[in-house]
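This report refers to the structure that appears directly beneath it.
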Amino acid sequence: MNDNEKLAELLFPNITKTPEDYENIYPERGLSEGARVSRFAPSPTGFLHLGGLFASMISQLTTKATDDGVFFLRIEDTDKKREIDDGVSAIIKGLDEFGIVPDEGVMGFEKESGAYGPYQQSKRKDVYQAIAKNLVKQGMAYPCFCSEEELNEIRAEQEKAGTDIQGYFGEWARCRNLTFDEQKAKIEAGCPYTLRLRSMGSADNRIKFEDMIKGKIEMPENIQDVVLLKTDGIPTYHFAHAVDDHFMRTTHVVRGDEWISSVPLHIQLFKACGYRVPKYAHISPIMKEDNGGKRKLSKRKDPEASVSFYTESGYPKESVIEYLLTIANSNFEDWRKANKDAPQSAFPFNLKKMSSSGALFDLNKLNDVSKNVISVMTAEQVYDKAVKWAQAFDEELYKLLTADEAKAKGIFAIDRGTAKPRKDIAKWDEIKDYVSFFYNELYTPCYELPENIAKEDAKEILEAYLNVFDANDDKDTWFEKIKALCEPLGFTPNVKEYKKNPEAFKGHVGDVSTIIRLAITSRKNTPDLHSIIALLGNEEVKSRIEKAINEYK
Ligand code: GLU
(Lines give C-alpha, C1' and ligand atoms only; values in the text may rest on other atoms or scores of the structure.)
Protein backbone atom coordinates (compact mmCIF):
# COMPACT_ATOMS: atom_id res chain seq x y z
CA MET A 1 0.00 0.00 0.00
CA ASN A 2 1.33 3.43 -0.84
CA ASP A 3 0.85 6.41 1.49
CA ASN A 4 -2.32 7.59 -0.27
CA GLU A 5 -3.86 4.17 0.05
CA LYS A 6 -2.86 3.98 3.68
CA LEU A 7 -4.36 7.42 4.29
CA ALA A 8 -7.60 6.38 2.60
CA GLU A 9 -7.91 3.37 4.90
CA LEU A 10 -7.08 5.45 7.92
CA LEU A 11 -9.75 8.04 7.07
CA PHE A 12 -12.48 5.68 5.90
CA PRO A 13 -11.93 2.31 7.58
CA ASN A 14 -15.61 1.39 7.34
CA ILE A 15 -16.17 2.27 3.73
CA THR A 16 -15.97 -0.95 1.77
CA LYS A 17 -17.84 -0.09 -1.41
CA THR A 18 -15.84 1.25 -4.33
CA PRO A 19 -16.85 3.68 -7.08
CA GLU A 20 -17.23 0.64 -9.37
CA ASP A 21 -19.77 -0.85 -6.98
CA TYR A 22 -21.81 2.33 -7.29
CA GLU A 23 -21.44 2.30 -11.07
CA ASN A 24 -23.20 -1.07 -10.90
CA ILE A 25 -25.81 0.05 -8.39
CA TYR A 26 -26.62 3.10 -10.54
CA PRO A 27 -26.07 1.93 -14.09
CA GLU A 28 -26.45 4.07 -17.22
CA ARG A 29 -30.16 4.58 -17.77
CA GLY A 30 -30.28 3.00 -21.20
CA LEU A 31 -32.67 5.63 -22.51
CA SER A 32 -33.15 6.30 -26.20
CA GLU A 33 -30.57 8.36 -28.08
CA GLY A 34 -30.61 12.00 -27.03
CA ALA A 35 -32.96 11.51 -24.07
CA ARG A 36 -32.34 14.18 -21.48
CA VAL A 37 -32.21 13.66 -17.74
CA SER A 38 -32.52 16.74 -15.57
CA ARG A 39 -33.49 17.67 -12.09
CA PHE A 40 -34.68 20.26 -9.64
CA ALA A 41 -32.43 20.17 -6.60
CA PRO A 42 -33.63 22.59 -3.93
CA SER A 43 -32.56 22.87 -0.34
CA PRO A 44 -35.49 22.20 1.98
CA THR A 45 -36.01 25.76 3.13
CA GLY A 46 -39.77 25.35 3.41
CA PHE A 47 -40.37 27.97 0.77
CA LEU A 48 -40.82 27.59 -2.96
CA HIS A 49 -39.67 30.74 -4.71
CA LEU A 50 -41.27 31.66 -8.02
CA GLY A 51 -37.76 31.33 -9.46
CA GLY A 52 -37.66 27.75 -8.16
CA LEU A 53 -40.98 26.95 -9.80
CA PHE A 54 -39.70 28.56 -13.00
CA ALA A 55 -36.44 26.60 -12.88
CA SER A 56 -38.22 23.31 -12.28
CA MET A 57 -40.66 24.02 -15.10
CA ILE A 58 -37.74 24.74 -17.46
CA SER A 59 -35.90 21.67 -16.27
CA GLN A 60 -38.95 19.49 -16.80
CA LEU A 61 -39.68 20.99 -20.23
CA THR A 62 -36.06 20.38 -21.23
CA THR A 63 -36.47 16.67 -20.54
CA LYS A 64 -39.94 16.46 -22.07
CA ALA A 65 -38.58 17.87 -25.32
CA THR A 66 -36.95 14.44 -25.79
CA ASP A 67 -38.56 11.04 -26.16
CA ASP A 68 -37.98 9.35 -22.84
CA GLY A 69 -36.56 12.24 -20.89
CA VAL A 70 -36.55 12.00 -17.10
CA PHE A 71 -37.13 14.84 -14.66
CA PHE A 72 -36.42 14.14 -11.01
CA LEU A 73 -36.51 15.93 -7.69
CA ARG A 74 -33.50 15.73 -5.42
CA ILE A 75 -33.43 17.32 -2.00
CA GLU A 76 -30.10 18.91 -1.15
CA ASP A 77 -30.15 18.87 2.62
CA THR A 78 -26.48 18.79 3.51
CA ASP A 79 -26.58 22.29 4.93
CA LYS A 80 -28.44 21.89 8.19
CA LYS A 81 -28.44 25.63 8.79
CA ARG A 82 -30.71 26.27 5.80
CA GLU A 83 -33.13 23.53 6.70
CA ILE A 84 -36.43 23.89 8.47
CA ASP A 85 -38.75 21.21 9.78
CA ASP A 86 -40.57 19.54 6.97
CA GLY A 87 -39.23 21.95 4.38
CA VAL A 88 -39.51 19.11 1.88
CA SER A 89 -43.30 18.89 1.95
CA ALA A 90 -43.62 22.62 1.27
CA ILE A 91 -41.56 22.24 -1.88
CA ILE A 92 -43.37 19.16 -3.13
CA LYS A 93 -46.74 20.71 -2.36
CA GLY A 94 -45.68 23.93 -4.10
CA LEU A 95 -44.63 22.08 -7.23
CA ASP A 96 -47.68 19.86 -7.18
CA GLU A 97 -50.04 22.83 -6.93
CA PHE A 98 -48.69 24.03 -10.25
CA GLY A 99 -48.84 20.64 -11.89
CA ILE A 100 -45.10 19.95 -11.78
CA VAL A 101 -44.86 16.29 -10.90
CA PRO A 102 -41.40 14.74 -11.16
CA ASP A 103 -40.95 11.37 -12.87
CA GLU A 104 -38.86 10.19 -9.98
CA GLY A 105 -37.11 11.32 -6.83
CA VAL A 106 -38.53 12.58 -3.58
CA MET A 107 -42.31 12.37 -3.89
CA GLY A 108 -43.41 13.23 -0.36
CA PHE A 109 -42.45 12.94 3.25
CA GLU A 110 -40.26 9.81 3.46
CA LYS A 111 -41.62 8.86 0.03
CA GLU A 112 -39.46 8.26 -3.03
CA SER A 113 -39.70 6.59 -6.38
CA GLY A 114 -37.02 5.65 -8.89
CA ALA A 115 -33.99 3.39 -9.09
CA TYR A 116 -31.34 6.04 -8.49
CA GLY A 117 -32.14 6.93 -4.89
CA PRO A 118 -32.04 7.79 -2.15
CA TYR A 119 -32.81 11.20 -3.61
CA GLN A 120 -32.20 13.05 -0.39
CA GLN A 121 -28.55 13.89 0.12
CA SER A 122 -28.60 13.32 3.87
CA LYS A 123 -29.30 9.65 3.08
CA ARG A 124 -26.37 9.21 0.71
CA LYS A 125 -23.44 9.68 3.08
CA ASP A 126 -21.88 6.32 2.18
CA VAL A 127 -21.86 7.12 -1.53
CA TYR A 128 -20.03 10.40 -1.01
CA GLN A 129 -17.58 8.80 1.38
CA ALA A 130 -16.77 6.01 -1.06
CA ILE A 131 -16.01 8.52 -3.77
CA ALA A 132 -14.05 10.68 -1.34
CA LYS A 133 -12.06 7.65 -0.21
CA ASN A 134 -11.16 6.92 -3.79
CA LEU A 135 -10.04 10.51 -4.36
CA VAL A 136 -7.75 10.22 -1.33
CA LYS A 137 -6.38 6.97 -2.71
CA GLN A 138 -5.49 8.71 -5.92
CA GLY A 139 -3.87 11.63 -4.12
CA MET A 140 -6.64 14.01 -5.23
CA ALA A 141 -8.00 14.79 -1.78
CA TYR A 142 -6.41 15.29 1.62
CA PRO A 143 -7.43 15.98 5.21
CA CYS A 144 -7.13 19.56 6.38
CA PHE A 145 -6.71 20.17 10.09
CA CYS A 146 -6.80 23.96 9.94
CA SER A 147 -9.08 25.49 12.53
CA GLU A 148 -11.37 28.48 11.89
CA GLU A 149 -8.68 30.72 13.43
CA GLU A 150 -5.98 29.36 11.20
CA LEU A 151 -8.13 29.91 8.15
CA ASN A 152 -8.72 33.49 9.28
CA GLU A 153 -5.00 33.87 9.76
CA ILE A 154 -4.33 32.72 6.22
CA ARG A 155 -6.91 35.18 4.93
CA ALA A 156 -5.30 38.01 6.90
CA GLU A 157 -1.86 37.09 5.57
CA GLN A 158 -3.19 37.05 2.03
CA GLU A 159 -4.78 40.43 2.51
CA LYS A 160 -1.49 41.79 3.84
CA ALA A 161 0.46 40.28 0.98
CA GLY A 162 -2.11 41.66 -1.48
CA THR A 163 -2.54 38.37 -3.35
CA ASP A 164 -4.82 38.50 -6.42
CA ILE A 165 -6.78 35.51 -5.26
CA GLN A 166 -7.64 34.58 -1.73
CA GLY A 167 -8.52 31.22 -0.30
CA TYR A 168 -7.04 27.83 0.41
CA PHE A 169 -4.73 26.96 -2.47
CA GLY A 170 -1.12 26.38 -3.51
CA GLU A 171 1.41 27.33 -0.90
CA TRP A 172 -1.27 28.88 1.30
CA ALA A 173 -2.84 25.49 1.70
CA ARG A 174 -1.03 24.52 4.87
CA CYS A 175 -2.25 20.93 4.99
CA ARG A 176 -1.80 20.21 1.29
CA ASN A 177 1.67 18.78 1.68
CA LEU A 178 1.68 17.15 5.09
CA THR A 179 3.48 13.82 5.14
CA PHE A 180 1.57 10.65 5.83
CA ASP A 181 3.16 10.42 9.26
CA GLU A 182 2.05 13.95 10.12
CA GLN A 183 -1.47 13.21 8.93
CA LYS A 184 -1.57 9.94 10.83
CA ALA A 185 -0.38 11.52 14.06
CA LYS A 186 -3.10 14.20 13.90
CA ILE A 187 -5.83 11.76 13.01
CA GLU A 188 -4.83 9.39 15.79
CA ALA A 189 -4.74 12.31 18.20
CA GLY A 190 -8.39 12.94 17.30
CA CYS A 191 -7.85 16.32 15.59
CA PRO A 192 -10.95 17.32 13.66
CA TYR A 193 -10.44 17.66 9.92
CA THR A 194 -12.21 18.44 6.72
CA LEU A 195 -11.42 16.69 3.47
CA ARG A 196 -10.20 18.97 0.71
CA LEU A 197 -9.79 18.56 -3.01
CA ARG A 198 -6.17 18.76 -4.14
CA SER A 199 -6.99 21.08 -7.01
CA MET A 200 -5.19 20.32 -10.22
CA GLY A 201 -6.05 23.76 -11.62
CA SER A 202 -3.65 26.52 -12.51
CA ALA A 203 -4.16 30.27 -12.27
CA ASP A 204 -2.85 30.57 -15.84
CA ASN A 205 -5.56 28.39 -17.33
CA ARG A 206 -9.05 29.31 -18.41
CA ILE A 207 -11.93 26.96 -18.93
CA LYS A 208 -14.51 27.29 -21.67
CA PHE A 209 -17.96 25.85 -21.81
CA GLU A 210 -21.09 26.30 -23.82
CA ASP A 211 -24.10 27.19 -21.71
CA MET A 212 -27.33 26.28 -23.48
CA ILE A 213 -28.95 29.55 -22.43
CA LYS A 214 -26.07 31.97 -22.01
CA GLY A 215 -23.86 30.75 -24.85
CA LYS A 216 -20.07 30.51 -24.74
CA ILE A 217 -18.56 31.23 -21.35
CA GLU A 218 -14.91 31.48 -20.43
CA MET A 219 -13.64 31.72 -16.86
CA PRO A 220 -10.44 31.18 -14.89
CA GLU A 221 -9.86 27.59 -13.87
CA ASN A 222 -10.52 26.61 -10.26
CA ILE A 223 -7.39 26.55 -8.14
CA GLN A 224 -8.98 26.34 -4.70
CA ASP A 225 -8.61 23.25 -2.58
CA VAL A 226 -12.28 23.34 -1.70
CA VAL A 227 -13.80 21.35 1.13
CA LEU A 228 -15.43 18.13 -0.06
CA LEU A 229 -16.41 16.71 3.31
CA LYS A 230 -17.02 18.80 6.39
CA THR A 231 -15.63 17.82 9.80
CA ASP A 232 -18.73 15.71 10.44
CA GLY A 233 -18.15 13.77 7.21
CA ILE A 234 -21.13 15.43 5.51
CA PRO A 235 -20.33 16.59 1.98
CA THR A 236 -20.52 20.16 0.78
CA TYR A 237 -23.09 20.99 -1.90
CA HIS A 238 -20.40 21.19 -4.58
CA PHE A 239 -19.08 17.70 -3.98
CA ALA A 240 -22.45 16.09 -3.28
CA HIS A 241 -24.11 17.45 -6.40
CA ALA A 242 -21.29 16.24 -8.65
CA VAL A 243 -21.48 12.73 -7.22
CA ASP A 244 -25.28 12.74 -7.41
CA ASP A 245 -25.56 14.16 -10.90
CA HIS A 246 -23.15 11.48 -12.05
CA PHE A 247 -24.84 8.54 -10.35
CA MET A 248 -28.35 9.81 -11.08
CA ARG A 249 -27.17 10.06 -14.67
CA THR A 250 -28.11 13.69 -15.12
CA THR A 251 -27.39 14.88 -18.65
CA HIS A 252 -28.51 18.50 -18.25
CA VAL A 253 -27.96 20.69 -15.22
CA VAL A 254 -30.67 23.37 -15.38
CA ARG A 255 -30.53 25.86 -12.51
CA GLY A 256 -30.32 29.51 -11.49
CA ASP A 257 -27.44 31.52 -12.86
CA GLU A 258 -26.14 32.30 -9.37
CA TRP A 259 -24.29 29.00 -9.86
CA ILE A 260 -22.37 30.04 -12.98
CA SER A 261 -19.41 31.22 -10.95
CA SER A 262 -19.15 27.72 -9.47
CA VAL A 263 -19.00 25.97 -12.84
CA PRO A 264 -15.17 25.95 -13.05
CA LEU A 265 -15.10 24.14 -9.71
CA HIS A 266 -17.90 21.82 -10.73
CA ILE A 267 -16.23 20.88 -13.99
CA GLN A 268 -13.04 20.18 -12.08
CA LEU A 269 -14.89 18.00 -9.59
CA PHE A 270 -16.56 15.97 -12.35
CA LYS A 271 -13.17 15.49 -13.99
CA ALA A 272 -11.36 14.63 -10.74
CA CYS A 273 -13.91 11.89 -10.15
CA GLY A 274 -13.60 10.70 -13.73
CA TYR A 275 -17.15 11.67 -14.67
CA ARG A 276 -18.57 13.06 -17.88
CA VAL A 277 -19.36 16.74 -17.44
CA PRO A 278 -23.11 17.41 -17.91
CA LYS A 279 -24.50 20.08 -20.20
CA TYR A 280 -25.36 23.34 -18.47
CA ALA A 281 -28.31 25.68 -18.79
CA HIS A 282 -28.23 28.59 -16.37
CA ILE A 283 -31.46 30.51 -15.97
CA SER A 284 -31.44 34.25 -15.35
CA PRO A 285 -33.41 35.35 -12.33
CA ILE A 286 -36.89 36.77 -12.61
CA MET A 287 -36.57 40.52 -12.19
CA LYS A 288 -38.89 43.17 -10.87
CA GLU A 289 -39.12 46.84 -11.66
CA ASP A 290 -38.36 48.94 -8.64
CA ASN A 291 -37.95 52.70 -8.52
CA GLY A 292 -37.19 52.88 -12.21
CA GLY A 293 -34.52 50.20 -11.91
CA LYS A 294 -34.55 46.41 -12.03
CA ARG A 295 -33.79 44.00 -9.25
CA LYS A 296 -34.24 40.33 -8.47
CA LEU A 297 -37.62 39.29 -7.13
CA SER A 298 -36.91 39.09 -3.43
CA LYS A 299 -38.21 36.64 -0.89
CA ARG A 300 -37.99 39.29 1.77
CA LYS A 301 -39.55 42.26 -0.04
CA ASP A 302 -42.01 40.79 -2.52
CA PRO A 303 -44.98 38.66 -1.49
CA GLU A 304 -45.25 37.49 -5.12
CA ALA A 305 -41.82 35.86 -4.80
CA SER A 306 -43.38 32.91 -3.00
CA VAL A 307 -45.56 30.53 -4.97
CA SER A 308 -48.01 30.46 -2.07
CA PHE A 309 -48.98 34.01 -3.10
CA TYR A 310 -50.49 32.64 -6.32
CA THR A 311 -52.25 29.81 -4.59
CA GLU A 312 -53.70 32.10 -1.95
CA SER A 313 -54.86 34.72 -4.43
CA GLY A 314 -56.44 31.95 -6.45
CA TYR A 315 -54.55 32.10 -9.70
CA PRO A 316 -55.29 28.83 -11.47
CA LYS A 317 -52.14 26.80 -11.93
CA GLU A 318 -52.69 26.87 -15.70
CA SER A 319 -52.48 30.67 -15.62
CA VAL A 320 -49.24 30.77 -13.66
CA ILE A 321 -47.64 28.19 -15.93
CA GLU A 322 -48.98 29.94 -19.03
CA TYR A 323 -47.46 33.18 -17.80
CA LEU A 324 -44.15 31.55 -16.95
CA LEU A 325 -44.12 30.10 -20.47
CA THR A 326 -44.53 33.58 -21.93
CA ILE A 327 -41.45 34.72 -20.07
CA ALA A 328 -39.57 31.48 -20.77
CA ASN A 329 -39.76 31.51 -24.56
CA SER A 330 -40.32 34.71 -26.53
CA ASN A 331 -42.22 32.82 -29.24
CA PHE A 332 -44.75 31.34 -26.82
CA GLU A 333 -47.34 34.07 -27.28
CA ASP A 334 -47.33 33.75 -31.07
CA TRP A 335 -47.63 30.01 -30.71
CA ARG A 336 -50.56 30.49 -28.36
CA LYS A 337 -52.33 32.81 -30.80
CA ALA A 338 -52.01 30.20 -33.51
CA ASN A 339 -52.93 27.31 -31.18
CA LYS A 340 -55.64 28.66 -28.95
CA ASP A 341 -56.92 25.36 -27.61
CA ALA A 342 -53.69 23.38 -27.54
CA PRO A 343 -52.52 22.07 -24.18
CA GLN A 344 -49.44 23.80 -22.76
CA SER A 345 -47.54 20.55 -23.13
CA ALA A 346 -47.84 20.81 -26.92
CA PHE A 347 -45.63 23.92 -27.02
CA PRO A 348 -42.26 23.15 -28.63
CA PHE A 349 -40.14 24.55 -25.81
CA ASN A 350 -36.56 25.40 -26.68
CA LEU A 351 -33.85 26.21 -24.14
CA LYS A 352 -32.04 28.26 -26.78
CA LYS A 353 -34.98 30.66 -26.97
CA MET A 354 -34.65 31.67 -23.34
CA SER A 355 -33.66 35.19 -22.47
CA SER A 356 -30.08 35.33 -21.27
CA SER A 357 -30.66 38.55 -19.37
CA GLY A 358 -33.62 37.85 -17.12
CA ALA A 359 -37.32 38.33 -17.66
CA LEU A 360 -39.21 41.12 -16.00
CA PHE A 361 -42.05 39.99 -13.79
CA ASP A 362 -45.29 41.80 -14.54
CA LEU A 363 -48.35 41.16 -12.41
CA ASN A 364 -50.65 42.98 -14.87
CA LYS A 365 -49.48 40.71 -17.61
CA LEU A 366 -50.11 37.70 -15.42
CA ASN A 367 -53.63 39.00 -14.82
CA ASP A 368 -54.26 39.37 -18.55
CA VAL A 369 -52.91 35.93 -19.24
CA SER A 370 -55.02 34.52 -16.46
CA LYS A 371 -58.19 36.24 -17.71
CA ASN A 372 -57.64 34.59 -21.07
CA VAL A 373 -57.02 31.22 -19.48
CA ILE A 374 -60.14 31.45 -17.31
CA SER A 375 -62.28 32.79 -20.16
CA VAL A 376 -61.91 29.55 -22.12
CA MET A 377 -62.71 27.29 -19.17
CA THR A 378 -66.15 25.71 -19.02
CA ALA A 379 -68.59 26.81 -16.31
CA GLU A 380 -68.05 23.42 -14.66
CA GLN A 381 -64.30 23.96 -14.55
CA VAL A 382 -64.65 27.46 -13.14
CA TYR A 383 -67.09 26.17 -10.55
CA ASP A 384 -64.86 23.28 -9.47
CA LYS A 385 -61.73 25.39 -9.22
CA ALA A 386 -63.39 28.34 -7.52
CA VAL A 387 -65.06 26.03 -4.99
CA LYS A 388 -61.76 24.30 -4.27
CA TRP A 389 -60.08 27.64 -3.73
CA ALA A 390 -62.94 28.98 -1.59
CA GLN A 391 -62.91 25.86 0.55
CA ALA A 392 -59.36 26.72 1.59
CA PHE A 393 -59.50 30.50 1.63
CA ASP A 394 -63.05 31.89 1.82
CA GLU A 395 -65.56 29.96 3.84
CA GLU A 396 -68.48 32.31 3.18
CA LEU A 397 -68.01 32.06 -0.56
CA TYR A 398 -67.59 28.31 -0.31
CA LYS A 399 -70.90 27.97 1.48
CA LEU A 400 -72.75 30.15 -1.02
CA LEU A 401 -71.37 28.41 -4.08
CA THR A 402 -71.99 24.92 -2.79
CA ALA A 403 -75.44 25.64 -1.28
CA ASP A 404 -76.91 25.91 -4.77
CA GLU A 405 -74.55 24.36 -7.27
CA ALA A 406 -76.88 24.84 -10.24
CA LYS A 407 -77.20 28.54 -9.54
CA ALA A 408 -73.44 29.01 -9.21
CA LYS A 409 -72.78 27.10 -12.40
CA GLY A 410 -75.49 29.17 -14.07
CA ILE A 411 -73.66 32.35 -13.04
CA PHE A 412 -70.37 31.06 -14.44
CA ALA A 413 -72.07 29.96 -17.64
CA ILE A 414 -73.11 33.51 -18.53
CA ASP A 415 -71.23 34.74 -21.60
CA ARG A 416 -69.03 31.64 -21.56
CA GLY A 417 -68.52 29.14 -24.35
CA THR A 418 -69.08 31.82 -26.99
CA ALA A 419 -66.59 32.93 -29.65
CA LYS A 420 -65.87 36.02 -27.59
CA PRO A 421 -66.09 35.00 -23.95
CA ARG A 422 -65.85 37.68 -21.28
CA LYS A 423 -62.46 38.12 -19.71
CA ASP A 424 -63.21 39.56 -16.33
CA ILE A 425 -61.88 37.06 -13.84
CA ALA A 426 -58.12 36.80 -13.27
CA LYS A 427 -58.13 34.89 -9.99
CA TRP A 428 -60.55 33.22 -7.67
CA ASP A 429 -60.33 35.89 -5.00
CA GLU A 430 -62.20 38.14 -7.45
CA ILE A 431 -65.12 35.74 -7.65
CA LYS A 432 -66.85 36.98 -4.55
CA ASP A 433 -67.18 40.44 -5.97
CA TYR A 434 -68.05 39.05 -9.39
CA VAL A 435 -70.99 37.03 -8.07
CA SER A 436 -71.95 39.38 -5.25
CA PHE A 437 -75.18 40.73 -6.79
CA PHE A 438 -76.51 37.19 -7.21
CA TYR A 439 -76.48 36.59 -3.48
CA ASN A 440 -78.35 38.79 -1.05
CA GLU A 441 -75.84 37.77 1.62
CA LEU A 442 -73.17 39.62 -0.39
CA TYR A 443 -75.21 42.26 -2.14
CA THR A 444 -75.29 45.89 -1.03
CA PRO A 445 -77.43 47.91 -3.42
CA CYS A 446 -76.26 51.29 -4.67
CA TYR A 447 -78.75 53.54 -6.44
CA GLU A 448 -76.45 56.13 -7.88
CA LEU A 449 -77.46 57.11 -11.42
CA PRO A 450 -75.23 58.26 -14.27
CA GLU A 451 -75.18 62.05 -14.60
CA ASN A 452 -77.22 62.10 -17.77
CA ILE A 453 -80.20 60.37 -16.18
CA ALA A 454 -82.70 62.09 -13.93
CA LYS A 455 -84.20 60.27 -10.96
CA GLU A 456 -87.68 60.97 -12.26
CA ASP A 457 -86.92 59.30 -15.59
CA ALA A 458 -85.30 56.34 -13.87
CA LYS A 459 -88.39 55.90 -11.75
CA GLU A 460 -90.70 56.03 -14.75
CA ILE A 461 -88.64 53.55 -16.71
CA LEU A 462 -88.52 51.12 -13.82
CA GLU A 463 -92.24 51.43 -13.17
CA ALA A 464 -92.97 50.70 -16.80
CA TYR A 465 -90.53 47.80 -16.82
CA LEU A 466 -92.04 46.33 -13.70
CA ASN A 467 -95.34 45.99 -15.56
CA VAL A 468 -93.95 44.07 -18.52
CA PHE A 469 -90.91 42.06 -17.48
CA ASP A 470 -90.89 38.32 -17.06
CA ALA A 471 -87.72 36.51 -16.03
CA ASN A 472 -88.77 33.61 -18.23
CA ASP A 473 -88.79 35.63 -21.46
CA ASP A 474 -86.36 34.54 -24.13
CA LYS A 475 -83.69 37.00 -25.02
CA ASP A 476 -85.42 38.50 -28.05
CA THR A 477 -88.73 39.02 -26.27
CA TRP A 478 -86.85 40.51 -23.32
CA PHE A 479 -85.08 43.03 -25.49
CA GLU A 480 -88.18 43.87 -27.54
CA LYS A 481 -89.91 44.77 -24.29
CA ILE A 482 -87.09 47.12 -23.31
CA LYS A 483 -87.17 48.76 -26.72
CA ALA A 484 -90.91 49.18 -26.44
CA LEU A 485 -90.46 51.14 -23.20
CA CYS A 486 -88.40 53.80 -24.92
CA GLU A 487 -90.64 55.94 -27.03
CA PRO A 488 -93.55 56.58 -24.63
CA LEU A 489 -90.99 57.84 -22.09
CA GLY A 490 -89.08 60.14 -24.42
CA PHE A 491 -86.17 57.77 -25.21
CA THR A 492 -85.42 56.18 -28.57
CA PRO A 493 -84.86 52.48 -29.26
CA ASN A 494 -82.50 53.50 -32.04
CA VAL A 495 -78.98 54.53 -31.04
CA LYS A 496 -78.17 55.90 -34.51
CA GLU A 497 -81.24 58.06 -34.46
CA TYR A 498 -80.20 59.39 -31.07
CA LYS A 499 -76.71 60.23 -32.29
CA LYS A 500 -78.13 62.13 -35.25
CA ASN A 501 -80.41 64.20 -33.10
CA PRO A 502 -79.57 63.97 -29.40
CA GLU A 503 -81.63 67.05 -28.51
CA ALA A 504 -84.82 65.27 -29.52
CA PHE A 505 -84.59 62.53 -26.85
CA LYS A 506 -83.88 62.01 -23.16
CA GLY A 507 -81.61 59.16 -24.15
CA HIS A 508 -81.55 55.87 -26.04
CA VAL A 509 -82.20 52.20 -25.40
CA GLY A 510 -78.69 51.82 -23.92
CA ASP A 511 -79.59 54.30 -21.19
CA VAL A 512 -82.82 52.49 -20.52
CA SER A 513 -81.01 49.17 -20.07
CA THR A 514 -78.43 50.86 -17.87
CA ILE A 515 -81.17 52.03 -15.54
CA ILE A 516 -82.61 48.53 -15.39
CA ARG A 517 -79.17 47.00 -14.95
CA LEU A 518 -78.36 49.41 -12.12
CA ALA A 519 -81.60 48.68 -10.34
CA ILE A 520 -80.99 44.94 -10.46
CA THR A 521 -77.22 44.72 -9.99
CA SER A 522 -76.04 48.20 -8.87
CA ARG A 523 -73.46 48.04 -11.69
CA LYS A 524 -73.14 49.79 -15.00
CA ASN A 525 -71.22 46.89 -16.42
CA THR A 526 -72.25 43.27 -16.05
CA PRO A 527 -72.34 40.10 -18.07
CA ASP A 528 -75.47 39.55 -20.16
CA LEU A 529 -78.37 41.17 -18.29
CA HIS A 530 -81.01 38.87 -19.74
CA SER A 531 -79.20 35.84 -18.28
CA ILE A 532 -78.82 37.62 -14.94
CA ILE A 533 -82.55 38.32 -14.75
CA ALA A 534 -83.35 34.74 -15.71
CA LEU A 535 -81.09 33.45 -12.93
CA LEU A 536 -82.36 35.81 -10.24
CA GLY A 537 -85.97 34.97 -11.06
CA ASN A 538 -89.16 37.03 -11.07
CA GLU A 539 -89.52 37.56 -7.37
CA GLU A 540 -86.02 38.81 -6.67
CA VAL A 541 -85.92 41.06 -9.73
CA LYS A 542 -89.29 42.51 -8.88
CA SER A 543 -88.25 43.25 -5.33
CA ARG A 544 -84.98 44.93 -6.43
CA ILE A 545 -86.78 47.10 -8.97
CA GLU A 546 -89.36 48.13 -6.40
CA LYS A 547 -86.65 49.15 -3.97
CA ALA A 548 -84.96 51.23 -6.64
CA ILE A 549 -88.25 52.94 -7.52
CA ASN A 550 -88.64 53.86 -3.87
CA GLU A 551 -85.17 55.36 -3.84
CA TYR A 552 -85.91 57.51 -6.87
CA LYS A 553 -89.24 58.81 -5.60
N1 GLU B 1 -29.18 23.00 -3.93
C2 GLU B 1 -28.82 24.00 -4.88
C3 GLU B 1 -29.77 25.19 -4.61
O4 GLU B 1 -30.25 25.29 -3.54
C5 GLU B 1 -28.99 23.44 -6.28
C6 GLU B 1 -28.07 23.97 -7.32
C7 GLU B 1 -28.08 23.02 -8.52
O8 GLU B 1 -29.15 22.85 -9.10
O9 GLU B 1 -27.03 22.46 -8.85
O10 GLU B 1 -30.04 26.02 -5.44
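A few comments on the model shown:
- Whenever a residue of segment 201-223 is farther than 9 Å from residue 264 by Cα and in contact (Cβ under 8 Å) with a residue 40 or more places away in the chain, its partners that are among the acidic types (Asp, Glu) and part of a loop (DSSP other than H, G, I, E, B), lying with C-beta atoms within less than 7 angstrom and at least six residues away or across chains, give the pairs 201/221.
- Test: residue in segment 113-134 that is farther than 26 Å from residue 43 by Cα and touching a helix residue (DSSP H, G or I) at 6+ places or on another chain (Cβ under 7 Å): yes
- Of the criteria (1) modelled with pLDDT of 95 or more; (2) more than 16 Å from the ligand (Cβ to nearest atom); (3) not hydroxyl-bearing (Ser, Thr, Tyr), which one residue 287 fails: (1)
- Restricting segment 268-278 to residues that are within 13 Å of the ligand (Cβ to nearest atom) and not in a loop (DSSP other than H, G, I, E, B), the residue that is surrounded by the most Cβ atoms within 10 Å (Cβ to Cβ): 269
- Sub-7 Å Cβ pairs linking a first residue in segment 428-443 that is under 18 Å from residue 518 (Cα atoms) to a second residue that is charged (D, E, K, R) and not in a helix (DSSP H, G or I), at least 6 apart or interchain, are 434/424; 437/523, ordered by first then second residue.
- For the residues 371, 423, the requirement of being under 20 Å from the mean Cα position of the chain (by Cα) and surrounded by 13 or more Cβ atoms within 10 Å (Cβ to Cβ) singles out 371.
- Test for residue 265: is it out of contact with any Asp or Glu (no Cβ under 8 Å at 6 or more places or on another chain), closer than 25 Å to residue 172 by Cβ, outside any helix (DSSP H, G or I) and of a type outside the set (Lys, Arg): no
- Hey, residue 298 modelled with pLDDT under 95, under 25 Å from residue 106 (Cα atoms) and hydroxyl-bearing (Ser, Thr, Tyr) or not: no
- From the options 537, 510, residue that is assigned to a helix (DSSP H, G or I), free of Cβ contacts under 8 Å to residues at least 24 places away in the same chain and either within 23 Å of residue 437 (Cβ to Cβ) or among the β-branched types (Val, Ile, Thr) (or both): 510
One line per residue, one yes/no per condition, for (1) surrounded by 16 or more Cβ atoms within 10 Å (Cβ to Cβ); (2) farther than 20 Å from residue 347 by Cβ:
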| site | (1), (2) |
| --- | --- |
| 23 | no, yes |
| 37 | yes, yes |
| 45 | yes, yes |
| 52 | yes, yes |
| 56 | yes, no |
| 71 | yes, no |
| 80 | no, yes |
| 87 | yes, yes |
| 105 | yes, yes |
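- Verdict on residue 96 being of a type in the set (Asp, Glu) and part of a loop (DSSP other than H, G, I, E, B): no
- Scanning segment 188-206 for residues that are hydrophobic (A, V, I, L, M, F, W, C) and crowded, with 16+ Cβ neighbours inside 10 Å turns up 195, 197.
- Options 251, 311; residue that is touching a helix residue (DSSP H, G or I) at 6+ places or on another chain (Cβ under 9 Å), hydroxyl-bearing (Ser, Thr, Tyr), within 16 Å of the ligand (Cβ to nearest atom) and over 30 Å from residue 203 (Cβ atoms): 251
The values are calculated or read from the model by the stated rules, or taken from the named source; none is laboratory data. All figures in this text were calculated on a predicted structure; none of them were measured in a lab. Positions of Cβ are generated from backbone atoms using ideal geometry, with glycine treated the same way; all protein chains shown enter the neighbour counts.
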